[in-house]
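Participant: First, the structure itself, so that you have it in front of you.
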Amino acid sequence: ASLKVLCVGPRTEAEFLMLLAEDFNPDNIRGLDLISYSDYVDVGDMHHMPYADDSFDIIFLGWVLTYSRDLQRVADECVRVAKPGGYIAVGVESEAVRDDTEAYGVTVDDVIVIKSTDEILELFKDHIHAVPFRHDVHRSLRDTMDMVMVVIELI
């Protein structure tokens, strides 16, 4: 209940409902997205987060990292606003072709493809204490859409 959580790119409140169901304190949950209707979601850019250093215990980047043209900048911002010893959870689709890309003003050519957790971990390499969870696409599914997910514990 005391952990402070940031959801980057929530667009809807689905992530908040999940966190509330797990007994996180709603006063300690924030979201950051380019647009929002929710009081829980601050309007802003993941490349320039409007939060102080060491603000959050947990940061979720759910399916938004590949919309960035500067992955390292996003990773650096997450590390900056995360508390020492905090966690960063990243999930991406490992296939670039998605039906919703044009709906958000992003073309398939704009979307960066991340095929493995190693690519994500490389962005955080100097700040990793441990990797308590990682999921890579099985080799038999590499030509289809699948999810790449990793949880990083920071130094």
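The values are calculated or read from the model by the stated rules, or taken from the named source; none is laboratory data. Computed from a predicted model, the values in this text were never measured in an experiment. Positions of Cβ are backbone-derived with ideal geometry, glycine not excepted, and every protein chain shown enters the neighbour counts. These accessible areas exclude ligands, DNA and RNA; they are computed on the full protein's heavy atoms, side chains included. Shrake-Rupley method; radii C 1.70, N 1.55, O 1.52, S 1.80 Å.
Participant: Can you name every residue in the range 1-42 that is at pLDDT below 90 and of a type in the set (Val, Ile, Thr)?
Facilitator: The answer is Thr12, and nothing else.
Participant: Determine whether the range 81-97 contains at least one residue that is exposed (fewer than 15 other Cβ atoms within 10 Å of the Cβ) and within 20 Å of Leu121 (Cβ to Cβ). Even if it seems obvious, please write down each step before you answer.
Facilitator: Pass one, the range 81-97, residues exposed (fewer than 15 other Cβ atoms within 10 Å of the Cβ): 84-85, 97.
Adding the requirement that they be within 20 Å of Leu121 (Cβ to Cβ) leaves 84-85.
Looking through the range 81-97, at least one residue is exposed (fewer than 15 other Cβ atoms within 10 Å of the Cβ) and within 20 Å of Leu121 (Cβ to Cβ).
Participant: I need the full set of residues from the range 43-54 which are part of a loop (DSSP other than H, G, I, E, B) and open to solvent by 30 Å² or more (accessible area, probe 1.4 Å), in order please.
Facilitator: Applying the first criterion (part of a loop (DSSP other than H, G, I, E, B)) to the range 43-54 yields 44, 46-47, 49-54.
Correct list: His47, Pro50, Tyr51, Ala52, Asp53, Asp54.
Participant: Please determine whether any residue of the range 5-27 is aromatic (Phe, Trp, Tyr), open to solvent by less than 20 Å² (accessible area, probe 1.4 Å) and outside any strand (DSSP E or B).
Facilitator: Pass one, the range 5-27, residues aromatic (Phe, Trp, Tyr): 16, 24.
Next, from what is left, pick out any that are open to solvent by less than 20 Å² (accessible area, probe 1.4 Å): 16.
Pick out the ones that are also outside any strand (DSSP E or B) and you get 16.
Among the residues of the range 5-27, at least one is aromatic (Phe, Trp, Tyr), open to solvent by less than 20 Å² (accessible area, probe 1.4 Å) and outside any strand (DSSP E or B), which makes the answer yes.
Participant: Tally up the residues in the range 28-42 that are over 17 Å from the mean Cα position of the chain (by Cα) and either exposed (fewer than 11 other Cβ atoms within 10 Å of the Cβ) or among the charged types (D, E, K, R) (or both), please.
Facilitator: Number of matching residues: 2.
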